Amino acid sequence: MIAYIKGTLEHISEGLIIVETGGIGYSVQVPASAVQKLPAIGSPVTVHTVFDVRDTGVSLYGFMTREEKEIFTKLITVNGVGPKSALGILSILSPSELILAVVSGSEKDISRAPGIGKKTAQRIIIDLKDKFKTMTSDDFQESFDIPAAADNPKSEAVSALCALGYSNSEALKAVSQAYEDGMTTEDILKSALKKLSLF
């Protein structure tokens, strides 16, 4: 179907952009977080898209990276998670943050998204955990655009725990449970190691 659209950005509004190419303006629904990544109106833009056909109509969903598109397509396979809910999740969580939340079982992070309750968050974790848990921290940095370890205390803490012999899933879970806003890598490691000793 329509894998991507490359054209001129003609309009930006909340959750919606219009991209013109070949004399046709395509209305594309996007996560709220996409607005910060878009160029100025009138600039060239490439949007990775998912063409969705349902009884209620035809929609085009767009993403600034292939990773966001991939995560979106996985989310809408979960029972009870439609395109609108998936966009809501990607509006507050980056692909790497969602993967971390799923692998570590953090339903609290996922349920921050509009329209996502505790039960739906649990279902997302159950359905997607096996698909995500085999990824390593290196996979995250390369494929899901996590900042380099020096710029990301959580990523650095996960790498450090793996170097100490813990499995990637153990490290991810401990870091997710330990992390609070503003913590340094050292703070995260100390808290995560305490939690690992209780596992």
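Observations
- Under Karplus coefficients 6.51, -1.76 and 1.60, residue-wise ³J(HN,Hα) of segment 41-56 in Hz, glycine/proline x: 4, x, 8, x, 8, 10, 10, 7, 10, 10, 8, 10, 10, 9, 4, 7
- The Thr77 and Leu16 beta-carbon pair, evaluated with R₀ = 22 Å, returns a calculated FRET efficiency of approximately 0.35.
- Taking every DSSP bridge with both residues inside segment 4-64, close to 95 percent are antiparallel.
- Volume per residue for segment 1-135 equals 108 cubic angstrom (convex hull of Cα atoms).
- Tensor-based shape of segment 65-135 (alpha-carbon gyration tensor, a/c under 1.5 rounded, otherwise prolate or oblate): rounded
- The chain: most fluctuating residue of Phe132, Phe51, Phe72 per GNM, C-alpha cutoff 10 Å: Phe51
- Approximate spin-label separation Ser59-Lys194, in nm, with each point projected 7 Å along Cα-to-Cβ: 4.3
- Taking 0.36 nm per residue of sequence separation and removing the Cα-Cα distance, the Thr184/Phe51 pair yields an extension gain of 43.7 nm.
- When only alpha carbons are used to place a centre, segment 155-175 and segment 1-42 end up 38 Å from one another.
- Against the empirical 2.2 N^0.38 Å (N residues), segment 4-64 has a Cα radius of gyration ratio of 1.05.
- Ranked by the mean number of other Cβ atoms within 10 Å of their residues, highest first, the peptides 36-48, 55-67, 172-184, 93-105 come out as 93-105, 172-184, 55-67, 36-48.
- Pairs with C-alpha atoms separated by more than 18 Å, drawn from the list Lys129/Lys173; Lys108/Lys173; Lys69/Lys108; Lys74/Lys131, are Lys69/Lys108.
Laboratory data are not the source of any read-out in this text; all were calculated from the coordinates shown. What you see is a predicted model; the values in this text were computed from it and never measured. All Cβ positions, even for glycine, are placed from backbone atoms using ideal geometry, and neighbour counts span all protein chains on display.
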